[in-house]
Amino acid sequence: MSYSIPLFKLNFGIEEIQAVTETINSKWISTGPKCEELQRDFADMLNVKYAISVSNCTDSLHLACILCSIGPGDEVLCPSLTFVASVNCIRYVGAKPVFCDIVGPDHLNIDPEEIKRKITSRTKAIIVVHMAGFPAKMDEIMSIARKYKLKVIEDACHGPLSEYKEHKLGTIGDVASFSFFSNKNISTGEGGMLVTNNEEMAKRALLLRSHGMTSMSYERATGHATSYDVVELGYNFRMDDIRASIAIAQLKKLRKDLEKRAEVRARYVRLLSDISGLIVPFADNKEFVSNYIMPVVLKNSTSEKRDHVRNKLGDLGIQTSVHYPAIHKFSVYKDFNVSLPKTEYVCANEITLPMYASLSDKQIDFIVDSLNSALKNE
Ligand SMILES: *Cc1c(COP(=O)(O)O)cnc(C)c1O
């Protein structure tokens, strides 16, 4: 089915095509000068010391778990209302995810009170996801982390340039991961970035990103190194220069794209506040954020009702989605018996509305009107 209003639109143009062409013409297409340039741009943009380009955010989260020395016997506190990669990474290193509930339908991020309740002597770290680009309660989370000596990994996939009290998301915890998957705020198809202010972590991430090798092929090709040693069991988590050049072009557009998104959200929030059967999560947020997605939660609802409403919107050409099915309900997590009532309610009753910079006022009005009548007729 093709929708007249899709959920997301790629912000691509001639800039990305030119960037790729230039990189291909340079004859160096794997990890090299474009990755270096992107890393500098990204670190400057976030005001963070180190940015390391990687193959995707999933690999970056895996790396982050290794950098935090998480391993078998350790527990890691995490949300269930997120993409499965935020939690799978804990299992890649042999540790146990301990799911925490969210604050509520008006704040979809991990609840610091749940974190406190679920800390044990085995707890090693907290994985925080900033849903839709809205900051989690970082002051509370960081003070718990300091008190119990826990590492904090930020899954900042949704939040490039999002702010929290003078800081950019992804620069508050020990290490953070960003995604450049097609539908993210910065799109390269596949790709990601690991950021940290910790020099030791950054050095080790560089090694592990490329097989634990002490030099890179670009350095050898340009005569800066002739041989190498392998000092750790590493991986191939590298980004290539073709994708990096797309990301450099995307970064240049990011601020403007997000400013447009903020206008789209402001109109949505104003119109949606007239609908009584709805909760708009993070409606009280005053910070500049990425607005990666536009979630709403139906009040006094069921998943059947939510699915009906989504179908009606679909029939009108409006594409919607659900962020997310709860991870603890997936088959591969069936042994993790846990009850998370707030997460479960949101998973059953959330609808993600279209969100992109070029969404027009008329389209937003149409989406809200359609949602309103779909709800009235339920
Ligand atoms: C997209 C996403 C990921 C995975 O990113 P990839 O780059 O596709 O590996 C992880 N966590 C969250 C919250 C995401 O939205």
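Computed from the coordinates by the stated procedures, all read-outs in this text should not be read as laboratory data. Quick caveat: nothing in here was measured; it's all calculated off a predicted structure. Reconstructed Cβ throughout: ideal geometry from the backbone, glycine too, with neighbour counts over all protein chains shown.
Give me the distance in nm between label points sitting 7 Å out from Cα along the Cα-to-Cβ direction at GLU304 and LYS27, one decimal. So the two model labels end up 6.7 nm from each other.
Each part reduced to its alpha carbon centroid, segment 301-320 and segment 101-153 end up 32 Å apart. For MET45 and ASP139, the FRET efficiency from 1/(1 + (r/R0)^6), where r spans their Cβ atoms and R0 equals 22 Å, is about 0.40. Note on segment 176-275: along the principal axes its Cα atoms extend 65, 24, 20 Å, ordered by decreasing extent.
Rounded to the nearest 10 degrees, the inclination of helix 14-26 to the longest alpha-carbon principal axis of the chain is 20 degrees.
In terms of the mean number of neighbouring beta-carbon atoms within 10 Å, the peptides 228-239, 342-353, 127-138 order highest first as 127-138, 342-353, 228-239.
Find how many whole Å separate the alpha carbon centroid of segment 350-374 from the alpha carbon centroid of segment 259-286. A separation of 11 Å, based on Cα centres.
Just how large is the dipole of segment 255-376 about the Cα centre, in debye to the nearest 20, putting +1 at every Lys and Arg Cβ and -1 at every Asp and Glu Cβ? Each step should come with its number before you reach the end.
Details: 18 positive and 15 negative charges, 12 e Å.
Its charge dipole is roughly 60 debye.
Taken along its three principal axes, the alpha carbon spread of segment 255-376 comes to 45, 34, 24 Å, from the longest extent down to the shortest. Counting only alpha carbon atoms, the long axis of helix 138-148 and the longest principal axis of the chain meet at about 50°. If you take all other residues with their beta carbon under 9 Å from the beta carbon of MET138, and give Lys and Arg +1 and Asp and Glu -1, the sum is -1. For the chain, the equivalent ellipsoid built from the Cα gyration tensor has semi-axes of 35, 27, 17 Å, listed from largest to smallest.
With the cut-off at 1.5 for a/c, could you classify segment 178-219 from its C-alpha gyration tensor as rounded, prolate or oblate? Before the final figure, lay out each step's value.
Values: a/c = 3.38, a/b = 1.64, b/c = 2.06.
Taking the square roots of the gyration eigenvalues as a ≥ b ≥ c, segment 178-219 is oblate.
As I understand it, the value is the acute angle between the Cα axis of helix 33-46 and the longest principal axis of the Cα atoms of the chain; what does it come to in degrees, rounded to 10? In the chain, helix 33-46 runs at an angle near 50 degrees to the longest axis.
What's the exposure ranking of CYS68, CYS57, going from fewest to most Cβ atoms within 10 Å?
Fewest-to-most ranking of CYS68, CYS57: CYS68, CYS57.
Report note on the peptides 293-301, 104-112, 74-82: ranked by the mean count of other C-beta atoms within 10 Å, highest first, their order is 74-82, 104-112, 293-301. Counting neighbouring Cβ atoms within 10 Å and putting the fewest first, the residues LYS124, LYS118, LYS256 line up as LYS256, LYS118, LYS124.
Taking a straight line from the alpha carbon of LYS305, these lysines sit under 18 Å away, with near neighbours fewer than eight places off in the same chain left out: LYS342, LYS376.
Residues ASP174, ASP44 in ascending order of nearby Cβ atoms (within 10 Å, fewest first): ASP44, ASP174.
Where both bridge residues fall in the chain, DSSP classifies roughly 55% of the beta bridges as antiparallel.
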